1. Say R0 is 25 Å: what FRET efficiency, to the nearest 0.05, do ASP120 and HIS63 get from their beta-carbon distance?
2. Sorted by accessible area (1.4 Å probe), largest first, how do LYS169, LYS41 line up?
3. Calculate the length of the line joining the C-alpha centroid of the stretch 117-188 to that of the stretch 37-60, in whole Å.
4. Quick one: helix 64-80 against the long Cα principal axis of the chain, what's the angle to the nearest 10°, folded into 0 to 90?
5. Could you sort GLU138, GLU104 by their accessible area in this structure, using a 1.4 Å probe and putting the largest first?
6. Would you mind counting up the charge near ALA124? Only other residues with Cβ under 14 Å from its Cβ, with Lys and Arg at +1 and Asp and Glu at -1.
7. Counting other C-beta atoms within 10 Å, and keeping those with at most 14, which DSSP coil GluC sites (Glu not before Pro) do you find in the stretch 1-85?
8. Could you work out how far helix 22-31 tilts from the main Cα principal axis of the chain, as a 0 to 90 degree angle to the nearest 10?
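The values are calculated or read from the model by the stated rules, or taken from the named source; none is laboratory data. In this text, all values refer to a predicted model and were calculated from it rather than measured experimentally. Every residue, glycine among them, receives a Cβ derived from its backbone with ideal geometry; neighbour counts consider all protein chains shown. Please note that ligands, DNA and RNA were not included when accessible areas were found on the heavy atoms of the full protein model with its side chains. Shrake-Rupley method; radii C 1.70, N 1.55, O 1.52, S 1.80 Å.
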Amino acid sequence: MNETARPLGGRLPLADPAALAPAQRELYDQLISSWVVFTDKLGIQSTTQDGRLIGPFNALLLHPEVTAKLLEFQAAESANTGLTPTVREVVIIVLGSVYGADYELYAHEIVGRAVGLADDQVAALVGGDIPEDLGEHEKLAARLTRAVATRHHIDEELYRAAESAFGAKGLFDIAAVMGVYHTVCTMLTLFEVPAP
């Protein structure tokens, strides 16, 4: 959806960088120097032309103290994960698909391709399918993520297969990345934040 159909902030106005409280300004500067640099390199739009944050970044400015801890958790999760980049992205895309989080899907379609997922694989995952030509670990991660996110239950057969593939620590890593992106997707859905 584009800006004329729905404002880029969704239900939230885009925060004006010139009008931020000190804690918000500190967070804004941190996001600009880290996340915006990262997203710009990948071709993901995360700001407007006048420097306002879009996507989840605008909503994160609402509560800098909580956001700081969320960003610490996300950094620890991504820096210490035992998951391959493709498995991690499959988890994120499947979760974004369950939520229908437009911005998350927009951004992670690009990240997914950057880590080696094929266009048709990404499109299938976004559409709620699990492509047959995914690797076995990626298919298993997709099934596990979808089951947790939609049924809140993992049957014994799926659990044992996932435990065999990823180990208990790998399952923790899947839960951790889901935790980060449950928060992000919840914000994006709650505030109806569109893709640019």
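1. Details: r = 39 Å, r/R0 = 1.55.
Plugging the Cβ-Cβ distance into 1/(1 + (r/R0)^6) gives 0.05.
2. Numbers: LYS169 145, LYS41 170 Å².
I get LYS41, LYS169, largest accessible area first.
3. Computed from Cα coordinates, the inter-centre distance equals 26 Å.
4. Tilt relative to the chain: about 40 degrees.
5. Details: GLU138 30, GLU104 10 Å².
These residues rank, largest area first, as GLU138, GLU104.
6. Numbers: positive: ARG113, LYS139, ARG143, ARG146; negative: GLU89, GLU109, ASP119, ASP120, ASP129, GLU132, ASP133, GLU138.
The answer is -4.
7. Here the GluC sites (Glu not before Pro) that fit, given the DSSP loop and packing criteria, are GLU3.
8. 50 degrees
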